[in-house]
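The values are calculated or read from the model by the stated rules, or taken from the named source; none is laboratory data. Source: prediction; values computed, not measured. With ideal geometry, Cβ positions are generated from the backbone for all residues, glycine too; neighbour counts draw on all protein chains shown.
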């Protein structure tokens, strides 16, 4: 990546993204965040320049700057991705920690966030805008769709399919071959041994549906 990067989001994910880019030898131009209290302040040596819809900075993206979306709210993440695609005609860059390991034959989309200690096995497909938190292990021939989030230390075994916008908490284990439906949520520490339906929330060992 030749150009500096502007990071959308000045929260914890944005701070991690800044570390990732700088450790990889990239320059961070600054943050954009909708919390006006942060505007003009410095976070880890980089300035919060303005809001995520600040046209003065947005017009730099695709010409003089790259963009990274570093927020874990999927609704906002989707909105920012749509804006960058449709208004700036660019794709956000992947932020991949130097201490992450991706097998040689991995299919990787755009705008993914991959933290330290993550391992991704051969034949796996990561869609767009996935978040893989520190130490998560993704086995061989796994398919993670767009906007999937995987918590720290989770283990997704081979052949698992995780559909769009599913959320997998920290320390979860998914046994080989299961499918997690679109928008499903899996509570921290759960062991998933059976398919999880679309929109379902499960928790426990073995994971069971949580009544609402």
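Do any strands (runs of 3 or more DSSP E) entirely within region 1-85 hold 1 or more residues that are in contact (Cβ under 8 Å) with a residue 60 or more places away in the chain, and if so, which? I'd like the intermediate steps shown before the answer.
On the way: elements: 5-8, 28-32, 46-50, 66-69.
Hits in region 1-85: 5-8, 66-69.
Please determine whether any residue of region 25-45 is within 26 Å of residue 108 (Cβ to Cβ) and loosely packed, with under 15 Cβ neighbours inside 10 Å.
For region 25-45, residues within 26 Å of residue 108 (Cβ to Cβ) and loosely packed, with under 15 Cβ neighbours inside 10 Å: present.
Taking region 36-54 as the region of interest, how many residues are out of contact with any strand residue (DSSP E or B) (no Cβ under 6 Å at 6 or more places or on another chain) and under 18 Å from residue 16 (Cα atoms)?
Number satisfying all stated conditions: 4.
Could we say that residue 115 is in contact with a helix residue (DSSP H, G or I) (Cβ under 7 Å, 6 or more places away or on another chain) and not assigned by TED's automatic domain parsing to the domain that holds residue 20 here?
Values: in contact with a helix residue (DSSP H, G or I) (Cβ under 7 Å, 6 or more places away or on another chain): yes; not assigned by TED's automatic domain parsing to the domain that holds residue 20: yes.
Yes.
Between 122, 90, which is touching a helix residue (DSSP H, G or I) at 6+ places or on another chain (Cβ under 8 Å), touching a residue at least 12 places away in the same chain (Cβ under 8 Å) and either assigned by TED's automatic domain parsing to the domain that holds residue 152 or within 21 Å of residue 29 (Cβ to Cβ) (or both)?
Details: 122 fails: touching a helix residue (DSSP H, G or I) at 6+ places or on another chain (Cβ under 8 Å).
Result: 90 is the single residue among 122, 90 that is touching a helix residue (DSSP H, G or I) at 6+ places or on another chain (Cβ under 8 Å), touching a residue at least 12 places away in the same chain (Cβ under 8 Å) and either assigned by TED's automatic domain parsing to the domain that holds residue 152 or within 21 Å of residue 29 (Cβ to Cβ) (or both).
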